[in-house]
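Note sheet for the following structure.
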Amino acid sequence: MKNFDTSDCYTIQGKLALPYTYFAGRVGSKFTTTIRDKQKIMGVKCNTCNKVFVPPRQTCERCMEDIRDNWVELKNNGAVTNFTVVRYDDKHLPRKAPFILAMIRLDGADTPMTHILEGIDPEKVQEGLKVKAVFARQTTNTILDIDHFEPIE
Ligand SMILES: [Zn+2]
């Protein structure tokens, strides 16, 4: 193999900001607009295996059943199943670092959703911590209409 002279080659590091429009789909749209308009978190239930999915989805991952119309309302409470601490700033992140991103399984749900956890030091978070949703005062038409979760006292 021939050796190439790379002494006059260089690379430039860059970063792209890419505006986009994302269609949330029928199920994702109802999930988001119900949070926005009613401050309620909805999931879907599979009538074959009884699993409740939050965030909702169109099809049960186990049974492949179409579950898009099997809506169930969940409480705004849940428990942390896992978490991480984001320790770097990026203008696309929803908070200034450090902040906690937690996986939260709502009471009555079988799958966790990821969201921001506030009101507790990162060093004090543990799996099983009971938390509740705090809804945003102003809508952004996104999942951030749940502003964050916080510990239940
Ligand atoms: Zn199922």
### Task
For 142, 21, 84, 111, give the ranking by accessible area with the largest first, probe 1.4 Å.
21, 84, 142, 111
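In the chain, carbon and sulfur make up what percent of the accessible area (probe 1.4 Å)? Working shown, then result.
Working: 5280 of 10790 Å².
C and S atoms contribute 49 percent here.
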### Summary
The Kirkwood hydrodynamic radius of the chain, taken as the inverse of the mean 1/r over all distinct Cα pairs, in Å, comes to 17.7 Å
### From phi via Karplus (6.51, -1.76, 1.60), per-residue ³J(HN,Hα) for region 104-113 in Hz, x at Gly/Pro
10, 9, 5, 4, x, 9, 9, 10, x, 10
### Query
From the Cα gyration tensor of region 53-118, with a ≥ b ≥ c the square roots of its eigenvalues, which class applies: rounded if a/c is under 1.5, or else prolate if a/b is larger than b/c, or else oblate?
prolate
### Longest segment of the chain lacking trypsin sites (Lys or Arg not before Pro) that sit in a DSSP loop with at most 11 other Cβ atoms within 10 Å
16-61
### Message
Using a 1.4 angstrom probe on the protein heavy atoms only, could you order 61, 123 from most to least accessible area?
### Response
123, 61
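What is the ratio of the Cα radius of gyration of region 1-62 to 2.2 N^0.38 Å, with N the residue count, to two decimals?
Normalised Cα radius of gyration, region 1-62: 2.23.
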### Query
Once the Cα atoms of helix 25-38 and of the chain are each reduced to a long axis, what angle between those two axes, in degrees from 0 to 90 to the nearest 10, is obtained?
60 degrees
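Assuming 0.36 nm per residue, please report the length gained on full extension of the stretch residue 137 to residue 6 beyond their Cα-Cα distance.
Residue separation times 0.36 nm, minus the Cα-Cα distance, leaves 41.5 nm.
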### Query
If exposed chymotrypsin sites (Phe, Trp or Tyr not before Pro) are those in a DSSP loop with at most 12 other Cβ within 10 Å, what is the longest stretch of the chain that has none?
89-153
### Query
Using the beta-carbon distance between residue 29 and residue 123 and R0 = 41 Å, what value does 1/(1 + (r/R0)^6) give for FRET efficiency, to the nearest 0.05?
0.60
## Note on the structure
With all protein chains in place and a 1.4 Å probe, residue 46 shows an accessible area in Å² (nearest 10) of 0 Å²
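Is the C-alpha gyration tensor of region 83-153 telling us rounded, prolate or oblate? Criteria: a/c under 1.5 is rounded; beyond that, a/b larger than b/c is prolate, otherwise oblate.
Since a/c reaches 1.5 but b/c is at least a/b, the shape of region 83-153 is classed as oblate.
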### Task
Just tell me which lysines come within less than 24 Å, Cα to Cα, of residue 45; anything on the same chain fewer than 8 places away is out.
30, 75, 130, 132
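The values are calculated or read from the model by the stated rules, or taken from the named source; none is laboratory data. Note that this is a predicted model, so its numbers are computed, not measured. With ideal geometry, Cβ positions are generated from the backbone for all residues, glycine too; neighbour counts draw on all protein chains shown. SASA here: full protein model, heavy atoms, side chains in, ligands and nucleic acids out. Shrake-Rupley method; radii C 1.70, N 1.55, O 1.52, S 1.80 Å.
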